[in-house]
Amino acid sequence: MSQAEVFDPTVYLNGEWGPLSEARIPVLDRGFIFGDGVYEVVPLYAQPNGARLPFRLKQHLARLQRSLGKIRIDNPFDDAGWRALIHRVIEENAGEGDALVYIQVTRGVAKRRGHAFPASITPTVFVMLGKLVFPSAAERERGAVAVTAEDKRWLHCDIKSVSLLGNVLMAQHAAENDALETIQLRDGLLTEGSSSNVWVVKDGALLGAPRGPRILEGIRYGLIEELAREAGIRFEERDITEAELRSADEIMISSATKEVMPIRTLDGKSVGGGRLGRVYAALYDAYQRAKAREFADEAKRAQ
Ligand code: PDD
């Protein structure tokens with residue numbers, strides 16, 4: 001890659017704006033030392049007029065608040081403060097195409113290394129714009145390859161924590177097996193992907209693993225539940241056994257960066273006869289309509 005092609009966005013770090021390549025945090029930041037922090041990934045969609053708009057920002061900010069609350073970090077901003085910051089990050093990085101906003105809040109920089117929280121500490125706040133290319137129509141048509149593995153993570157997967165070692169190892173497992181995602185199982189039950197929620201279709205019903213400490217409740221979790229209702233698809237939030245996963249009519253994953261994406265093979269075996277699923281197709285279309293609706297509502301509010 002030539003110098004000219006290096007993507008060096010303008011980022012926000014603790015009240016300062018500057019190039020990503022020059023952003024620095026002290027090594028005693030508890031995010032670095034302990035993985036003591038949380039994050040969010042918000043998709044931005046390029047509009048016909050060139051604007052890039054966040055999708056489901058309200059829900060992302062609510063989840064950020066929940067994650068911070070669960071690890072006892074005071075939220076450094078209210079929703080209006082976060083919205084202003086995110087819009088400034090978008091403005092500072094004028095460009096074309098879809099993108100994402102990455103937000104990270106750590107407990108802050110301690111005076112010395114010690115596991116328990118220091119009495120007084122100021123959170124570190126980092127916000128950057130990232131590039132995002134959603135899967136192409138051809139990739140969707142083909143479907144993705146997934147492999148399975150035992151879920152060995154801690155039991156607070158509901159916190160969107162930057163302590164992601166379990167997820168990182170699962171993503172690496174996928175990469176080493178030429179797969180897009182690793183689908184995890186704990187005690188014989190489906191949990192989630194390394195960085196996605198997983199959906200199973202069985203006899204026309206859409207099944208999702210129960211919300212709770214074993215999975216991160218994706219912002220797309222509630223959305224897909226809504227979209228299923230809209231499309232007249234029965235939805236069941238319940239335990240999904242390994243046997244149900246392996247005999248599924250359809251499997252799909254969802255995340256900010258993949259929207260909803262069908263899985264074509266699981267551990268080398270074709271899923272549901274290898275054809276593109278009917279439920280997937282209905283949910284994908286409903287997802288596109290939900291985006292159009294949200295952006296139209298925003299345009300109306302802005303008038
Ligand atoms: N990951 N489960 C895990 C473990 C995840 O990391 C993610 C998202 C999801 C889906 O959440 P959402 O619908 O809010 O994107 C579920 C993001 C994209 C990431 O870490 O980059």
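For Ala62 and Phe134, what does the FRET efficiency come to when R0 = 30 Å and r is the distance between their Cβ atoms, rounded to the nearest 0.05?
On the way: r = 24 Å, r/R0 = 0.79.
Once the sixth-power term is evaluated, E becomes 0.80.
Picking from Leu276, Ala84, Gly222, whose Cα lies most toward the positive end of the charge dipole for the chain (charges on Cβ: Lys, Arg +1; Asp, Glu -1)?
Ala84
Multiply the residue gap between Val168 and Asn49 by 0.36 nm, knock off their C-alpha separation, and tell me the result in nm, one decimal place.
This chain segment gains 39.1 nm when fully extended.
Can you compute the FRET efficiency between Glu96 and Thr265 using 1/(1 + (r/R0)^6), with r the Cβ-Cβ distance and R0 = 45 Å? Round to the nearest 0.05.
Approximately 0.85, to the nearest 0.05.
Can you give the FRET efficiency for Arg142 and Ala302, using 1/(1 + (r/R0)^6), R0 = 30 Å, r = Cβ-Cβ distance, to the nearest 0.05? Walk me through the intermediate numbers first.
On the way: r = 38 Å, r/R0 = 1.27.
Efficiency at R0 = 30 Å is approximately 0.20.
Given points 7 Å out from each Cα along the Cα-Cβ axis, report the Leu28 to Ser120 separation in nanometres with one decimal.
1.5
When the chain is fully extended, how far beyond the present Cα-Cα distance does Ala80 get from Phe295, taking 0.36 nm per residue of separation?
75.5 nm
Residue by residue through segment 69-77, what is 3J(HN,Hα) from phi via Karplus (6.51 cos²θ - 1.76 cosθ + 1.60, θ = phi - 60°)? Round to whole Hz and write x for glycine and proline.
After applying 6.51 cos²θ - 1.76 cosθ + 1.60, I find x, 5, 10, 6, 10, 5, 5, x, 9 Hz.
Using helices alone, what [θ] at 222 nm do you get for the chain, with -39,500 (n - 2.57) per DSSP H run of 4 or more residues, divided over all residues and rounded to the nearest 500?
That calculation yields -9500 deg cm²/dmol at 222 nm.
Spelling out what I want: for every residue of segment 266-279, take phi, set θ = phi - 60°, compute 6.51 cos²θ - 1.76 cosθ + 1.60 (Karplus), and round to whole Hz; glycine and proline get x.
10, 6, x, 9, 6, 9, x, x, x, 8, 5, x, 5, 5
Just in segment 1-83: which chymotrypsin sites (Phe, Trp or Tyr not before Pro) are loop by DSSP and have at most 12 other Cβ atoms within 10 Å?
Phe7
In debye, nearest 20: dipole of the chain around its Cα centre with unit charges on the Cβ of K, R (+) and D, E (-)?
Dipole of the chain, to the nearest 20 debye: 600 debye.
Just how many pairs of Lys in the chain have C-alpha atoms closer than 27 Å, counting pairs that are eight or more places apart or on different chains?
26
Any idea how far the Cα center of segment 138-171 sits from the one of segment 1-70, in Å?
20
Name the residue, out of Pro262, Pro26, Pro213, whose mean-square fluctuation peaks in a Gaussian network model built on the chain with Cα pairs under 10 Å.
The residue that fluctuates most here is Pro26.
Would you mind checking which residues have amide H under 5 Å from Ser194's amide H? H placed 1.01 Å from N; only 5 or more apart, or other chain.
Thr182
Hey, can you grab everything whose amide H is under 5 Å from the amide H of Asp158? Only 5+ residues off in sequence or another chain; H modelled, so Pro and N-termini drop out.
Distant-sequence amide H within range of Asp158: Ile215.
Just so you know, all these numbers are worked out from the coordinates, no wet-lab data involved. Since the structure is predicted, the reported quantities are computational estimates derived from the model, not experimental observations. Reconstructed Cβ throughout: ideal geometry from the backbone, glycine too, with neighbour counts over all protein chains shown.
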